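Some notes on the structure that comes next.
Please treat every number below as a calculation from the coordinates, not as lab data. What you are looking at is a predicted structure, and each value in this text was computed from that prediction instead of being measured. Cβ atoms come from the backbone with ideal geometry, glycine included; neighbour counts cover every protein chain shown.
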């Protein structure tokens, strides 16, 4: 019997046809009519071959095939596709599928593909069997050689240790003199529990020379042949740690911590015992000194007036200073590029990656994005931290936040752009004023009253543009708090409509006010909100005026009441905007009007709406007009300021002083 095979196809005709053909070839066939059935069938039977004919119609089926390969990588997948979809399917499943068949599937193509898949399965199984046999053979040989090689390895260690001890015992000049300078008691004892070598501290302070009994220095039961730590290790043949009392040469009795370890000969017998002991007072003093050093290190680490962090080779934060923790939270143990989002291209060239690559210090500028979306421009310095052998294990990361500096540079650039934009706008207004003055003077010289009226209208229009421009600039350059008042929404809408209506009448644009009644009251700053709404309506007027088609233009100003909010809509059938224009519509200094706009109007409108706790959205299509939607909460935002009367008085004086 051939290998069991699962056929997954959402088309019944295809599923039955494939199953029939495979059965004729001798395969044990299972079928699944949908994604869920395929998952259940595979989980239950684990077939080595899956034939799928649904990937082009169902993206979820493609994900299921990838899941099958992840769960059982040895599963062989054969995918049936349309000829037109072969390239896309190959691109999506090239790492998972063993073969692709073009629909309709011929019996010959199916048999050839299955033959290749079966050969791969057989080869894989043969390799696995051989690997298991080799593994068993190697394990048996290793087990046989472990005992033999164990003694050879121990012999090498003992030989080296014996050489070291011989150097100490002979006190050869130029030998390992540090052994004698250690602040611990170190000695080597033989099987008869006698000292064969000892460091200077042991001999001088304990007064126990080479050849003396190992138990001579101890008090109580430990001062007997079988009770000392060396004797216990000789009997148990295990390393031990005990707390004992020793007698100094001066007669003082001192508590110590004793470590003993056996050293075996070639026959596996304990030949020597290494004994290292230290006074508990000394240990406590060392611990206290270590704590003090750590505290001084931590104080210095925290006192540095910039962000410090230590990263291991996996880019995990192992230590951070106080400045880092206050700004970014306690991120100890987190991955650096999980705390900060950095694009892959930038992270590959960062000083961090370069230091891990070459082990050298580097510096550079990086833009780090926190999880809350707040960006940080930082100057980064890295310093490698290596072991005594020179292996790089960690790096010290020092970075300084220069976001404010970059913001200042951006603001200066914006200021230059603003000056240029405003200059162009003023130039256009001056040109209009020159034209109005010329018409007025020529009309007066000729006694042509209509021409004088035209010139005067032009001058008035240019003065109005200057006034609006100055108001926009003043708003942009000076932030003020809102002066909230409870206003009637109907009256506010009528006021805005009345202000804009003359311009619409002159341009022949139909203007429709669709106000739901009753609208109720709204808590807003009318002096701020009114020009914002006029800005939106003037934008609609410009969109109709710039539309050179012959259609009749129309603007609808709609106000709808809701329980907690007021919805204001401005809809026009003007020139409309494309996606790129919509994206930048509320960006400062962006204008679709060329030199006729400063790029401040809609930016300021968006800011005013936001100050009131509201929102403004726009939908538009080129040639189809635009739809502005403003939603304002009935209750204004909480303001931490003086009383309304005082705010109104201050606002009035400020406006009067500016004009």
With a ≥ b ≥ c the root eigenvalues of the C-alpha gyration tensor of the stretch 5-127, is it rounded (a/c under 1.5), prolate (a/b larger than b/c) or oblate? rounded
Sorted on mean Cβ neighbours within 10 Å (highest first), peptides 502-510, 560-568 come out as 560-568, 502-510
Restricting to Cα atoms and excluding each atom paired with itself, what does the Kirkwood estimate give for the stretch 181-270 in Å? 13.3
Once residue 107 and residue 322 are pulled to full extension, the length gained, defined as 0.36 nm per residue separation minus their Cα-Cα distance, is 70.2 nm
Remind me, relative contact order of the stretch 5-127 in percent, using alpha carbon pairs under 8 angstrom and six or more residues apart? 21
Sort the following peptides by mean Cβ neighbour count (other Cβ atoms within 10 Å, averaged over residues), highest first: 106-114, 73-81, 516-524. 73-81, 516-524, 106-114
Length gain on complete extension for the stretch residue 194 to residue 441, per 0.36 nm per residue less the alpha carbon to alpha carbon distance? 76.3 nm
Going by average Cβ neighbours within 10 Å, how do the peptides 364-370, 121-127 rank, with the highest at the top? 364-370, 121-127
Tell me the relative contact order for the stretch 178-286 as a rounded percent, counting alpha carbon contacts under 8 Å between residues six or more apart. 25
Relative contact order (%) - criterion: Cα under 8 Å, at least six apart; region: the stretch 304-401: 28
Take the Cα gyration tensor of the stretch 304-401, multiply each eigenvalue by 5, square-root it, and list the three semi-axes largest first, rounded to whole angstrom. 20, 15, 12
